[in-house]
Each structure stands twice: as structure tokens, then as C-alpha cells.
Amino acid sequence: MANKKSQDLMDKLVSLCKRRGFIFQSSEIYGGINSCWDYGPLGVELKNNIKQCWWKSMTQFRDDIEGLDASILMHPQVWVTSGHVASFADPMVDCKNCKMRFRAEEVQGTKCPNCGGELTEARQFNLMFKTHMGPVEDDASMVYLRPETAQGIYVNFLNVLSPSRQKPPFGIAQIGKAFRNEISPGNFIFRSREFEQMEMQFFINPKEDDKWIEYWKEERMKWYHSLGIKKENLRFHQHDKKELAFYAKMAFDIEYNFPFGWKEIEGIHNRTDYDLSRHTQATGKDLSYYDDLTRERFIPYIIETSAGVDRSLLVCLVDAYHEEVVKDEERTVLKLDPKIAPIKAGVYPLVKRENMPEIAKKIEDLLRPHFKVFYDEGGAIGRRYRRQDEVGTPFGITVDSQTLQDQTVTLRERDSMEQVRVKIDELVGVLKKKIWGN
Ligand code: GAP
């Protein structure tokens, strides 16, 4: 249960996101639409940086995973085969009085949590959004908005296998939108109806499943550490028999300690050969693999790592949010890892005279091809620093009177607030090393 302090923290974060251009409610000027969110100028930078870290860790820094970008709309039979049409549903109850709808598992007792009214019996509610393809809106033209990106990978297994010349163990990675008609969305961007997933499906010899699930558990946890997330705020949760999806042999969630409690941010599942077998049965296409070396034919098992982009972003924001008192002055600071910070450096002339703005503008031009930077010449320098601290900008570069003498600037670090002098010529190299370590 969220206490007042946790609620305050979420309120402050939501307000900061709106005020500083990270995240807005969708269609706000029309009164908004529930559980859909728009990412503003800083939000989209942060989101892209997180996605890029994931994409590189999967497809660039290793040679056994290939990328894919499958379409959102798929043949509707895919969702019958996958089991989503029959069973991608939550039991829900309706209040007969106020008409509000709740997930059955959220309601304690038999009364409506909103008005105390009488509740209906629990009914299954399918979470997939439907739409129609083509000019005629009948059952035959019905298609679904995908509720997960994974199926786009399974149906492309053969398409990727042969041109990439991969063989199990190998993976296919994809980032893309998914849609679920969640009964009770909420907690800001934690549970929404339109969201993004970063999913990787690793195809293996069934004999090696224990080894690979252990491997991917560790790798995925390390990825969150590499984004600077505090280790004590992350943990694994193993699914017990009741929680386990019917096709899964073993599943672990990575959970984060949000202000509203420990919650899942990623699932790591041993999906066995369920998916490829089902698609083989439905299409008649043989999705088994013949290993020339061992002379074995098998339907690969799949170890899936399925992370939410929006949840990862919320984790980064919550983990980074700090309020501090420094020299009797309060500051709000997002201690984002420099790799994912939307803006890498603020560039400031100390004063608006003595050629300082011109030099600072030249520095902005020097840095812009390498980093997203922000030039600011308005107001006291302390205030300019604070404004960038609040959005997580890790470095501040200030042109002052000494710059005019020796072509050095001050480089201020956001977290320690320490300042060192750096030669203008060396700025690009120094910043690259601090941000990316090279
Ligand atoms: N392919 C497996 C799969 O989709 P999932 O546990 O249903 O598994 C994986 O979803 C991840 O997708 C979750 O851990 C979460 O990060 C994200 N996710 C799922 N539903 C979401 C929602 N309604 N809003 C935001 N993120 C969601």
C-alpha cells in the first residue's frame, strides 16, 4: 500500500515530467484520454537513449542476436494459435451501482471499492484491442493490435535464421509498441493501454534450457545496473506454480521497488517449444532445426526476456529523483546515468558581456555534433545550474573571465557539483570519456 510519502514522490515526479517536458497526458486539451501518454522533448530523448542502450547490448555488442521490426497488425490467426484469443484475459467485476470495473484480484470482499455498491460475478475480459482492415467492418476483416511483440519474432523464425546464418543458440530482438485494454491501468506510465516492449527471444537446444535461463537472468539484471539503477531497489521474483503461464516451464520477474511497492519491470521466461510447435501445427511449416554437428533435430526452446520501455523509463526517473539541501539552498536533481540523460551538457556564459556569449555559442557548435547540449544565458548562473540539475543534465560548461585568458572553461558535475577547468579543445574527448567511458 502506498503511504503518503510515496504518493508525494509520485505526485512530484508526475508534476516535474509535465512541467519540464518529459511526459504529458495524451490529448490533454480535449480533457485527456485515460492511460495513454505522450513523451515530450526531454521524455523522447530519455526513451530513445534507454532503447538504444538495450538495442546495442543485444544486437551490437554480441554476435548471436539479430534485430527485427515486425508489423503491429498480424494475421488474426496468429493470436488464435498463440492462445491469446482464448486466454489472454483478466477476470473482472463490475459495480452494479457506479458501473466502475475492477480486476477481480484487486477487490477484497464483495462490495465496490468506489461506492460500496453490489458487484457482479467475475467474468473473463479479453485484453486485446480489435480493429478492422480494409473497407468493410465485418468479422472477416477483424484484426488485433498486438498485445506483445514476441509473436512477430516467432513467425519470422525461419526468415531470420537463413539469411543471418545463425544457428541455435541465437536470439532475435525487437523493440515496438504493444496494446492491452487493461482493466485498471495506473501508477502513471507503469500500466498503460499503449506501451512499448523490448523483447528478445533466444532459441536454444532444449537440453540447455537451465543453463540459458540462468545466463539471461544475470545478463538482464546487469543491464539495469549498467543504467545506474541502485542494486538494492532490484530483485528477482520466481513465479510459483499458480503464477506460471500454462506454456512456461520456469519464469522470473525482475522487480523494482517503486514508491507504490515492488512491481514487475521485466519477465524472463522459459517458454519451452510451445510457440514454435503451435505455429508449426497451425501453418504446416516445419519450424524445427537440424543440427549438422550433433545430427539432432529439435524444435528450439525459447528463453524470452521481455522488458517494458515505459517501465524502464519510470524506474530510471524514480531511482534518479533526489531532493537535497546544498549550502542552505534546496535543489531537485535527477541523478540519471550520463548515458541516458536527455541533455548531456548545459553551456553558459557567466555574464552577457566581454565576448562570453560568443565564445559559449562557439562551444555549443563544437559539442553539438557529438552530444545533445543546451545553451542558456538567462539569469543567475546558480539558477541556470539548478534548472539543468532538475532534468538530469550531467555536466555544465561555463565561460568566465579566465576563459578569455587561457581558453579553459569550468566543467561542473551535476552530482558532486565539483568544478574543474578544462581546455576548450579537450572538451569533446573529456565529455565522451565521462559519458560513454571512451
Ligand atoms: N511476451 C511476454 C510478455 O509480453 P508480459 O509479462 O505480459 O510478458 C512484459 O509483459 C513486460 O511488458 C512487462 O514486464 C512490462 O515491463 C511490460 N508491460 C506489460 N504490460 C504493460 C502495460 N500495460 N503497461 C506498460 N508496460 C507493460
Original post:
Under 9 Å by Cβ, and 6 or more places apart or on different chains, what pairs join a residue from segment 6-32 that is farther than 19 Å from PHE258 by Cβ and among the hydroxyl-bearing types (Ser, Thr, Tyr) with one that is part of a loop (DSSP other than H, G, I, E, B) and open to solvent by less than 50 Å² (accessible area, probe 1.4 Å)?
Top reply: SER26/GLY32; SER26/SER35; SER26/CYS36; SER27/CYS36
**OP:** Go through (1) more than 10 Å from the ligand (Cβ to nearest atom); (2) over 21 Å from THR280 (Cα atoms); (3) touching a Leu at 6+ places or on another chain (Cβ under 7 Å) and name the single condition ARG180 misses.
**Re:** (1)
Original post:
Residue check: is TYR290 open to solvent by 20 Å² or more (accessible area, probe 1.4 Å) and within 16 Å of the ligand (Cβ to nearest atom)?
Top reply: no
Original post:
Which of the residues belonging to segment 145-174 are more than 13 Å from the ligand (Cβ to nearest atom) and not hydrophobic (A, V, I, L, M, F, W, C)?
Top reply: ASN156, ASN159, SER162, PRO163, SER164, ARG165, GLN166, LYS167, PRO168, PRO169, GLY171
**OP:** Among the residues of segment 252-277, write down those that are within 14 Å of the ligand (Cβ to nearest atom) and surrounded by fewer than 18 Cβ atoms within 10 Å (Cβ to Cβ).
**Re:** GLU255, TRP262, LYS263, GLU264
**OP:** Kindly indicate the residue of segment 226-251 that is open to solvent by 60 Å² or more (accessible area, probe 1.4 Å) and assigned to a helix (DSSP H, G or I) and also farthest from GLU304 (Cα to Cα) among those meeting that condition.
**Re:** GLU232
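So, in segment 294-336, how many residues would count as being away from the ligand (no atom under 16 Å from the Cβ), among the basic types (Lys, Arg) and touching a residue at least 40 places away in the same chain (Cβ under 8 Å)? Outline the logic, then answer.
Taking segment 294-336 and keeping what is away from the ligand (no atom under 16 Å from the Cβ), we get 294-300, 320-336.
Next cut, among the basic types (Lys, Arg) only: 295, 297, 327, 331, 335.
So of that shortlist, the ones also touching a residue at least 40 places away in the same chain (Cβ under 8 Å) come out as 331, 335.
Matching residues across segment 294-336 total 2.
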**OP:** Tell me, yes or no, whether segment 415-427 has at least one residue that is under 30 Å from VAL14 (Cα atoms) and over 30 Å from the mean Cα position of the chain (by Cα).
**Re:** yes
Original post:
Which ones in segment 183-219 are open to solvent by less than 50 Å² (accessible area, probe 1.4 Å), within 7 Å of the ligand (Cβ to nearest atom) and not in a loop (DSSP other than H, G, I, E, B)?
Top reply: PHE195, GLN197, GLU199
Subject >> Qualifying positions in segment 375-391 - surrounded by 15 or more Cβ atoms within 10 Å (Cβ to Cβ) and among the hydrophobic types (A, V, I, L, M, F, W, C) >> reply: ILE381, VAL391
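Among the helices (runs of 4 or more DSSP H) contained in segment 307-399, which hold 2 or more residues that are modelled with pLDDT of 95 or more, closer than 29 Å to GLY176 by Cα and among the hydrophobic types (A, V, I, L, M, F, W, C)?
Working: elements: 309-320, 356-367, 381-389.
Correct list: 309-320.
From LEU234, LEU244, LEU276, LEU227, which residue is more than 16 Å from the chain's Cα centre (by Cα) and at pLDDT 95 or above? Please lay out each step first, then the result.
Working: LEU234 fails: more than 16 Å from the chain's Cα centre (by Cα); LEU244 fails: at pLDDT 95 or above; LEU227 fails: more than 16 Å from the chain's Cα centre (by Cα).
Going through LEU234, LEU244, LEU276, LEU227 in turn, the sole match is LEU276.
Inside segment 352-374, can you point out the residues that are open to solvent by 40 Å² or more (accessible area, probe 1.4 Å) and more than 28 Å from the chain's Cα centre (by Cα)? Reasoning before the result, please.
Here is the first cut: in segment 352-374, the ones open to solvent by 40 Å² or more (accessible area, probe 1.4 Å) are 352-355, 358, 361-362, 365-366, 368-370, 372, 374.
Result: LYS352, ARG353, GLU354, ASN355, GLU358, LYS361, LYS362, ASP365, LEU366.
The values are calculated or read from the model by the stated rules, or taken from the named source; none is laboratory data. Computed from a predicted structure; not experimentally measured. Glycine gets a Cβ as well: all are built from the backbone with ideal geometry, and neighbour counts include every protein chain shown. The protein model used for the area step is the full one, side chains on, heavy atoms only, and it has no ligands, DNA or RNA in it. Shrake-Rupley method; radii C 1.70, N 1.55, O 1.52, S 1.80 Å.
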